[in-house]
Amino acid sequence: MGGDLTPSSFRNRSMALATNERSASMELQEIKKVLIVGGGTMGQQIAFQCAAHGYGVSFYDIDEGALEKALERLSAYADNLVTGGYLERQTAEKALAGIAVTTDAMEAAKDTDLLSESVTEDPILKGAVFAQFNKLCPERTIFTTNTSLLVPSLIAEATGRPDRFVAFHFHQPAWTDNVADIMPHPGTSAKVVTLVRGICRQRVAGRKNRAWILYLPGSGVSEI
C-alpha cells in the first residue's frame with residue numbers, strides 16, 4: 001500500500017484540512033488587514049486602494065529606501081486623485097495614515113488576512129517570497145499575486161497553500177481604471193475565489209465596481 005498511513009499522518013492531514021476550511025470559510029467582513037509585498041508602482045496603488053476602503057495595510061519591501069520613495073509617490077498619487085475630483089482630501093489623508101511601511105517581514109505578516117504580492121515578474125522570485133511569508137503569515141491568510149504575465153499555476157505549489165492562492169491583478173491607475181482580473185488555478189478553492197471576488201466588488205472597487213473573473217482552461221467556468 002502506498003502513502004503514509006501512520007496515526008500521525010492522519011492527524012497532520014486532518015489538521016491541514018481543518019485549517020483550509022477555516023481559511024476558505026472566512027466571511028468578507030472578517031478581512032481586516034492586507035499585506036502588500038513589493039514597494040513598486042502597483043504595490044503603492046494597491047496599498048492606497050485598500051487603505052482608502054477601510055483596511056489596515058502593512059506595506060513591506062526589503063529596501064528601506066524603496067519604501068521612503070514609495071511614500072513620496074503615494075502622497076503625490078493621492079494629491080492627483082483629490083485634484084482630479086476622484087476623492088475628498090480627508091479620505092486621501094486617512095488612507096495615507098492607514099498604511100504602515102516596514103522592512104521587517106515578521107512584523108508585516110502579523111495578523112494578515114490577505115497578502116497581495118507585486119514583486120518582479122519572475123516565478124522563482126515570487127515563489128521564494130511566498131515561501132517566506134507562508135512561514136510567517138497566519139494559516140488563514142489568503143495569498144494573491146498581482147502578476148499580469150504569469151499563470152498562477154507556475155507558483156501555486158511554492159506558496160505552501162495552493163488552495164488559498166489566486167492571481168488578483170489590478171489595472172493601473174488602480175483608482176480611476178477600476179478593473180481587476182481574478183485568475184485562480186485548478187487547485188484554488190472555489191470559496192477563496194468567491195471571497196476575493198467579494199473583496200474586489202464590495203470593498204476595493206473605486207467608482208464603477210467592475211471586476212473581470214478569468215478562469216484557467218479546465219476549471220469549467222468563465223465569467224466576464
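Here are the numbers for this structure:
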read-out: Filter pass, Gly54 being of a type outside the set (Ser, Thr, Tyr), surrounded by 11 or more Cβ atoms within 10 Å (Cβ to Cβ), more than 13 Å from Asn146 (Cβ to Cβ) and modelled with pLDDT of 50 or more; value: yes
read-out: Options Phe168, Phe143; residue that is at pLDDT below 95, not in a helix (DSSP H, G or I) and not aliphatic (A, V, I, L, M); value: Phe168
read-out: For Leu96: the one exception among (1) under 14 Å from Ile36 (Cβ atoms); (2) modelled with pLDDT of 95 or more; (3) in contact with a strand residue (DSSP E or B) (Cβ under 6 Å, 6 or more places away or on another chain); value: (3)
read-out: Matching residues in the stretch 157-172 - criterion: being small (Gly, Ala, Ser) and either within 14 Å of the chain's Cα centre (by Cα) or at positive phi (or both); value: Gly160, Ala167
read-out: Residue check for Leu150: assigned to a strand (DSSP E or B) and touching a strand residue (DSSP E or B) at 6+ places or on another chain (Cβ under 9 Å); value: no
read-out: Options Leu114, Leu96; residue that is closer than 16 Å to Gly43 by Cβ and in contact (Cβ under 8 Å) with a residue 60 or more places away in the chain; value: Leu114
read-out: Residue pairs meeting the criteria (Cβ under 6 Å; at least 6 apart or on separate chains; first within 18 Å of His53 (Cβ to Cβ) and without any contact (Cβ under 8 Å) to a residue 12 or more places away in the chain, in the stretch 64-92; second part of a helix (DSSP H, G or I) and among the basic types (Lys, Arg)); value: Val82/Arg89
read-out: Unmet requirement for Leu87, which otherwise passes all of (1) within 16 Å of the chain's Cα centre (by Cα); (2) at negative phi; (3) at pLDDT below 95; (4) not in a helix (DSSP H, G or I); value: (1)
read-out: Test: residue in the stretch 57-79 that is part of a strand (DSSP E or B), under 15 Å from the mean Cα position of the chain (by Cα) and farther than 24 Å from Gly160 by Cα; value: no
read-out: Matching option when the condition is under 19 Å from Thr159 (Cβ atoms) and β-branched (Val, Ile, Thr), among Ile31, Ile99; value: Ile31
read-out: Residues within the stretch 126-149 that are over 11 Å from the mean Cα position of the chain (by Cα), of a type in the set (A, V, I, L, M) and crowded, with 23+ Cβ neighbours inside 10 Å, tallied; value: 1
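The values are calculated or read from the model by the stated rules, or taken from the named source; none is laboratory data. Please read all numbers here as calculations on a predicted model, not as lab measurements. Positions of Cβ are backbone-derived with ideal geometry, glycine not excepted, and every protein chain shown enters the neighbour counts.
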